[in-house]
Amino acid sequence: MIALLKKAEGEIMCEGKQQGTATPTVLIDNNRTRVTEWRFAGRGDNTGWHVHAYDYVVVPVQDGILEITDKDGNVTKATLKTGVPYFRDLGVEHDVANGNDFEFAFVELEFLEKLQA
């Protein structure tokens with residue numbers, strides 16, 4: 001079964017192959033930007049498989065480790081530091097899981113509209 005994460009207006013944020021156990025909370029959602037807090041209650045909680053439809057930035061709200069599985073099944077352990085952001089281009093396909101023995105969270109900022117120069 002394919003699960004789709006959608007905006008209220010029906011626009012697909014990203015296409016998922018599997019529902020995850022992490023909790024997304026949309027904090028801002030307008031024509032240009034969507035800001036979502038992702039909260040993982042415990043080790044192994046995950047976002048579910050998805051493909052990013054937009055460029056995005058992740059900002060960790062605490063130090064911790066994420067285990068990122070790519071479309072080929074490769075797992076990367078990413079060490080995140082509080083407030084240190086990283087950027088990714090649209091098209092990334094992965095599942096992101098909590099690699100910590102404690103609750104973990106990050107904020108994801110998606111750029112929904114490209115600005116004209």
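Every number in this text was worked out from the coordinates using simple rules, so none of it is lab data. Keep in mind it's a predicted model, so treat the numbers as computed, not measured. So basically every Cβ, Gly included, is an ideal-geometry build from the backbone, and we count neighbours across all protein chains shown.
Assorted remarks:
- Formal net charge of residues neighbouring residue 61 (Cβ-Cβ distance under 14 Å; K, R +1; D, E -1): -2
- Nitroxide proxy distance, nm - points 7 Å out along Cα→Cβ at residue 27 and residue 43: 2.8
- Sites matching trypsin sites (Lys or Arg not before Pro) across region 13-101 that sit in DSSP coil, with at most 12 neighbouring C-beta atoms within 10 Å: 32, 71, 81
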